[in-house]
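Okay, so here's the structure we're looking at.
The values are calculated or read from the model by the stated rules, or taken from the named source; none is laboratory data. Being a predicted model, the structure only gives us computed values, none of them experimental. Cβ: placed from backbone, ideal geometry, glycine included. Neighbour counts: every protein chain shown.
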């Protein structure tokens, strides 16, 4: 590996959050510190309170000071927020909505990228039969994040002595265009296939979605484009997940299908995510939750947090080599059969702790950084 130094300085904001968030974040910070030591990055970081812990200490899930730290940074490395302790709060004050969703809206993060992978060596942890996942799985779900049903007009009306509640699915052409260009650009770096998900047979909004995607596909003649209705896509993911490369999804459909992909992979603890804006700013977080039952037990899988760090290097910091070092190290450890408890599929198997998994990944990173094979 080249000894080229990354000279550009970056500042990130680390928000560990609740539950297992601080534990797995510690392992990600170890990776950042190592890359700094080898001068493959020049990152400084600050930390802030967010989520339930911020509510307990400061009375709100996203304090002004935390938001200021984020605004002064090049990226946010996010842990997990929420838990039963705060479920009694009104929905708009709960950590997930008052912190995470607020950050997405504040920074106009319009696209969520969820890589999902299943190594052949880990096929037994998938709930699908071995012959279905024999080829493994490697796909990228790109979810439009700021439009659609979750952000459309909401309200109530009275009809025939009943009260009806409604949520509106609405998309504009520019909203669809920007996430579609992102999907095709990402597909060019992968296996050059985009599968666009919609429900154009019954929803007028999705007719526009399919129309815009089809138009933009012509600008990428080297990338295959196919369209699937969301119900068929859900079935095809179960029948043969290896057929997919990039899934391009409206907000709600992407929310559902990305979680289906995670379940196929066998553990949410493996999968990272990136939420991106129009510039290089992004928020990076594990696909799983805060797992309160594992808090303080040194049992949580840190891989999703570590791989989220790799995505941060790639998309916000422009440091592809650092991202590849991290991802290669994680893959190497998993192929050697090292597992945290969530990856165990038969009784009596050995597993390692959160800290032990972090240390093993760190050793792999160090070998790659030293130029060892």
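So the values come out like this:
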quantity	calculated
Which numbered condition residue 277 fails, given (1) within 30 Å of residue 149 (Cβ to Cβ); (2) touching a helix residue (DSSP H, G or I) at 6+ places or on another chain (Cβ under 8 Å); (3) surrounded by fewer than 24 Cβ atoms within 10 Å (Cβ to Cβ); (4) outside the structural domain of residue 214 (by TED's automatic domain parsing)	(2)
Evaluation of residue 266 against (1) under 10 Å from the mean Cα position of the chain (by Cα); (2) on the phi > 0 side of the Ramachandran plot (one fails), failing number	(1)
Selection count, the range 54-63, where residues are in contact with a helix residue (DSSP H, G or I) (Cβ under 9 Å, 6 or more places away or on another chain) and surrounded by fewer than 23 Cβ atoms within 10 Å (Cβ to Cβ)	4
Among (1) under 23 Å from residue 326 (Cβ atoms); (2) touching a helix residue (DSSP H, G or I) at 6+ places or on another chain (Cβ under 6 Å), the one test that residue 250 misses	(1)
Single residue of 134, 153, 177 found to be more than 22 Å from residue 282 (Cα to Cα), touching a helix residue (DSSP H, G or I) at 6+ places or on another chain (Cβ under 8 Å) and not assigned by TED's automatic domain parsing to the domain that holds residue 112	134
Qualifying positions in the range 217-227 - surrounded by 18 or more Cβ atoms within 10 Å (Cβ to Cβ) and either assigned to a strand (DSSP E or B) or touching a helix residue (DSSP H, G or I) at 6+ places or on another chain (Cβ under 6 Å) (or both)	220, 223, 225, 227
Breaking point among (1) at pLDDT 95 or above; (2) in contact with a strand residue (DSSP E or B) (Cβ under 6 Å, 6 or more places away or on another chain), for residue 207	(2)
Among the candidates 355, 349, residue that is surrounded by fewer than 18 Cβ atoms within 10 Å (Cβ to Cβ), assigned by TED's automatic domain parsing to the domain that holds residue 14, over 19 Å from the mean Cα position of the chain (by Cα) and in contact (Cβ under 8 Å) with a residue 40 or more places away in the chain	355
Qualifying residue in the range 283-292 (condition: in contact (Cβ under 8 Å) with a residue 24 or more places away in the chain, surrounded by fewer than 24 Cβ atoms within 10 Å (Cβ to Cβ) and out of contact with any helix residue (DSSP H, G or I) (no Cβ under 7 Å at 6 or more places or on another chain))	yes
Single condition residue 41 does not satisfy, out of (1) under 23 Å from the mean Cα position of the chain (by Cα); (2) farther than 19 Å from residue 295 by Cα; (3) surrounded by 17 or more Cβ atoms within 10 Å (Cβ to Cβ); (4) at pLDDT 95 or above	(4)
Filter result for the condition that a residue is free of Cβ contacts under 8 Å to residues at least 60 places away in the same chain, surrounded by 13 or more Cβ atoms within 10 Å (Cβ to Cβ) and touching a strand residue (DSSP E or B) at 6+ places or on another chain (Cβ under 8 Å), over 152, 136, 79	152
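The rows are residues; the columns are (1) in a loop (DSSP other than H, G, I, E, B); (2) within 13 Å of the chain's Cα centre (by Cα).
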{"site": "284", "(1), (2)": "no, yes"}
{"site": "288", "(1), (2)": "yes, yes"}
{"site": "299", "(1), (2)": "yes, no"}
{"site": "314", "(1), (2)": "no, no"}
